[in-house]
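Engineer: This structure is in structure tokens; I'll ask about it shortly.
Values quoted throughout were computed directly from the atomic coordinates according to the rules given, and no laboratory measurement underlies them. Nothing here was measured: the structure is a model prediction, and the numbers come from that model. Because the Cβ atoms are built from the backbone with ideal geometry, glycine has one as well, and the counts that use them run over all protein chains shown.
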Amino acid sequence: MYFVAAALAVLSGLFYAAGHHQIGSVGNTMCQYGGMFCENPALVLVGAGLAAAWGTFVSIR
């Protein structure tokens, strides 16, 4: 689950950069298909936090 949290955190950064037109044509494609996440990348970051919390909760012995 920590892998999913890390992947979502990276995706949040990519959506942030795409929303600010910093990664070129890849960013245009990302915003074409995931426009909501380009406008508000904090949603993906919240998902990463929830995944990390869930991973911590599940791994408690």
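Engineer: Rounded, prolate or oblate: which fits region 2-59, taking a ≥ b ≥ c as square roots of the Cα gyration tensor eigenvalues, rounded meaning a/c under 1.5, else prolate when a/b beats b/c?
Structural biologist: Prolate, since a/c reaches 1.5 and a/b exceeds b/c.
Engineer: State the extension gain, in nm to one decimal, for the chain segment bounded by S59 and F3, taking 0.36 nm per residue of separation less the distance between their alpha-carbons.
Structural biologist: Stretched out fully, the S59 to F3 stretch lengthens by 18.8 nm.
Engineer: While we're looking at this one, here's another question. Rank by packing, highest mean first: peptides 26-37, 44-55, with packing defined as the count of other Cβ atoms within 10 Å averaged across residues.
Structural biologist: Averaged packing, sorted descending, gives the order 44-55, 26-37.
Engineer: Anything in the chain that counts as a DSSP H helix reaching 20 Å or more along its axis (C-alpha) with Kyte-Doolittle mean of at least -1.0? List them, would you?
Structural biologist: Flagged H segments are 2-19, 42-59.
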